[in-house]
Amino acid sequence: MIRGGKPLRGEIEVSGAKNAAVAILPAALLVDGVCRIENIPQISDVTLLLRILKNMGAGVRAVNRNTMEIDSSGLTFGDGPYELMRRIRASSYLIGAMLGRFGRAKVAMPGGCDFGVRPIDQHIKGFTAMGAETEISGGLICAQARDGLHGANVYLDIVSVGATMNIMMAAVLAKGRTVIENAAREPHIVDLANFLNSMGADVRGAGTNVIRIYGVQKLRGGTYSIIPDQIEAGTFIAAVAGAGGEVLIKNVIPKHLECITAKLEEMGVYIEARGDSVLVKREKPLRRTNIKTMPYPGFPTDMQPQITALLSIARGSSVVTEDVWDNRFKYVDELKRMGARIKVDGRTALVEGIDKLSGAPVKACDLRAGAAMVIAGLCACGVTVVEDIHHIERGYENLVGKLRGLGADILEVSETDPEDGDIKQVVG
Ligand code: EPU
């Protein structure tokens, strides 16, 4: 429950990157030893993945709130827990990890946010080129490389984060060299490569569109710290841009934020990089702009709902084009409940800025759409109640607490069960 209209002031700390963590944790299955992984965000997708790894036979030990030790040394092949796997998108990474480790994999078809069709043909194309046969039956993806995986040249037809990461995982222990062309370049791709390299892999070129992976015999254990979450940082910048005020956002990599901050600066937000922090200030009304989402270093699709919420109160009309997902404007109907004037036509939204949104009961349709509703609530007159916040909890660590620390009038009214989204208890 949010009472809007209070500017945000103070300092906050960004957590570890969700989309790096959900790849690095499955990648720990490739390691014949103990991986100590630091800066893991406390989010429900991570909790679920850790349960899956445990269920598969890995040792999982919490060192502290954000540090885990994963011991996959004694791991043997077995089916993963179907019901848990099908709930998250990142379970697809278990295919690459298991194929790499055992030469075979059996994984439930992945779930995750619903933006229309979410195919994995490019992942499978990579595995096939490396000598694996795959089939989908009974909701499971089964892959097997009878003669072991071998290196291959894979040209991705679409720039895919998931396919790039998955093929990279399968390739680190394969025989010979794998080349991924037209690879995704997101910061979490580089983070996964750095993790694998710190465990003894030989991955070169991550962060460019050609990645070369030279197969090694074995990965050993080690310690690794996950990068800060680019999208969580972007979400806080957007929150300050909407609510006004001045906030120092700590534990960020400013370079990773440029694709987001460039647009917010165009909208009249003051942003200053200060080492591993950014200072964000918004005093004047927001100005219109046009946005087109693209793979990194373009404007990230995972910031599209948050920026659309801001554009709904900017001066003038803006065009938002979603170029990554088929159907990522479902949340617009929720914003309209708050008075926003937005017209969606396919992958384009025409946003006509109004003076003020008004508080309303709304739903979080998915993770980033939920964050957009919270931002809208912070800017609106009156009270906004955001339902289904289990979507938000999948990817933001303590969003409500962090915003309250900045002076927002926001309260978690009931606690949801991270497993199924049901209300667990009424908090206040
Ligand atoms: N695609 C294919 N075939 C494939 C794979 C992808 O056609 O085999 C298409 C998709 O349908 C989509 C585009 O390629 O149109 C990009 O998909 P990508 O594979 O890059 O997405 P993903 O790996 O499934 C990750 C993030 C998403 C983020 C996208 C794009 C994770 C767990 N998820 O998904 O994050 O939107 O990359 O950057 O890393 C989020 O954090 O809210 C989120 C949804």
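The values are calculated or read from the model by the stated rules, or taken from the named source; none is laboratory data. Remember, it's a predicted structure, so these values are computed and weren't measured experimentally. Here the Cβ positions follow ideal geometry from the backbone for every residue, glycine too, while neighbour counts run over all protein chains shown. All accessible areas refer to the heavy atoms of the entire protein, side chains included, with ligands and DNA or RNA removed. Shrake-Rupley method; radii C 1.70, N 1.55, O 1.52, S 1.80 Å.
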*asked:* Which numbered condition in (1) open to solvent by less than 10 Å² (accessible area, probe 1.4 Å); (2) under 21 Å from PRO41 (Cα atoms); (3) outside the structural domain of ASP276 (by TED's automatic domain parsing); (4) in contact with a strand residue (DSSP E or B) (Cβ under 8 Å, 6 or more places away or on another chain) is the only one that ILE237 fails?
replied: (3)
*Kindly provide the set of residues from segment 1-26 that are touching a helix residue (DSSP H, G or I) at 6+ places or on another chain (Cβ under 7 Å), surrounded by fewer than 24 Cβ atoms within 10 Å (Cβ to Cβ) and of a type in the set (D, E, K, R), ordered by number.*
LYS6
*Look through GLY139, GLY131 and report the one residue that is open to solvent by 20 Å² or more (accessible area, probe 1.4 Å) and modelled with pLDDT under 90.*
GLY139
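Every residue in segment 147-199 that is of a type in the set (Ser, Thr, Tyr) and either in contact (Cβ under 8 Å) with a residue 40 or more places away in the chain or over 26 Å from ILE253 (Cβ atoms) (or both), please.
Selection gives TYR155, THR164, THR178.
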_Test result for ASP191, within 12 Å of the ligand (Cβ to nearest atom), open to solvent by 40 Å² or more (accessible area, probe 1.4 Å) and touching a helix residue (DSSP H, G or I) at 6+ places or on another chain (Cβ under 9 Å)_ = no
*How many residues are open to solvent by 10 Å² or more (accessible area, probe 1.4 Å), in contact (Cβ under 8 Å) with a residue 24 or more places away in the chain and away from the ligand (no atom under 16 Å from the Cβ) when one looks only at segment 344-359?*
8
*asked:* Scan segment 160-180 and tell me whether some residue there is open to solvent by 20 Å² or more (accessible area, probe 1.4 Å), in contact with a strand residue (DSSP E or B) (Cβ under 8 Å, 6 or more places away or on another chain), within 11 Å of the ligand (Cβ to nearest atom) and not small (Gly, Ala, Ser).
replied: no
*In the set VAL31, VAL60, VAL46, which member is more than 16 Å from the ligand (Cβ to nearest atom), in contact (Cβ under 8 Å) with a residue 12 or more places away in the chain and farther than 20 Å from LEU140 by Cα?*
VAL31
*Looking only at segment 296-321, which residues are in a strand (DSSP E or B) and over 30 Å from ALA183 (Cβ atoms)?*
ARG315, SER317, SER318
*If you take just the helices (runs of 4 or more DSSP H) that sit entirely in segment 347-412, which of them hold at least 2 residues that are closer than 21 Å to PRO7 by Cα?*
367-379, 399-405
*Scan VAL324, VAL280 and give me the residue that is touching a Ser or Thr at 6+ places or on another chain (Cβ under 8 Å) and at pLDDT 95 or above.*
VAL324
*asked:* With the condition being within 24 Å of ASN39 (Cβ to Cβ), I'd like the strands (runs of 3 or more DSSP E) fully within segment 163-238 carrying at least 1 qualifying residues.
replied: 202-204, 210-214, 222-225
*Report the residue count in segment 242-295 for those that are of a type outside the set (Gly, Ala, Ser), assigned to a loop (DSSP other than H, G, I, E, B) and under 20 Å from ARG315 (Cβ atoms).*
9
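Matching residues to (1) more than 14 Å from the ligand (Cβ to nearest atom); (2) closer than 17 Å to ARG118 by Cβ:
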{"position": "PRO297", "(1), (2)": "no, no"}
{"position": "ASP302", "(1), (2)": "no, yes"}
{"position": "ARG315", "(1), (2)": "yes, no"}
{"position": "SER318", "(1), (2)": "yes, no"}
{"position": "THR321", "(1), (2)": "no, no"}
{"position": "TRP325", "(1), (2)": "no, yes"}
{"position": "GLU334", "(1), (2)": "yes, no"}
*Does segment 68-85 contain any residue that is more than 15 Å from the ligand (Cβ to nearest atom), surrounded by 15 or more Cβ atoms within 10 Å (Cβ to Cβ), of a type in the set (S, T, N, Q) and not assigned by TED's automatic domain parsing to the domain that holds ASP366?*
yes
_Of all residues in segment 279-294 being surrounded by fewer than 22 Cβ atoms within 10 Å (Cβ to Cβ) and within 18 Å of PRO254 (Cα to Cα), the one that is nearest to the chain's Cα centre (by Cα)_ = LEU279
*What is the number of the single condition among (1) in a loop (DSSP other than H, G, I, E, B); (2) open to solvent by 10 Å² or more (accessible area, probe 1.4 Å) that PRO41 does not meet?*
(2)
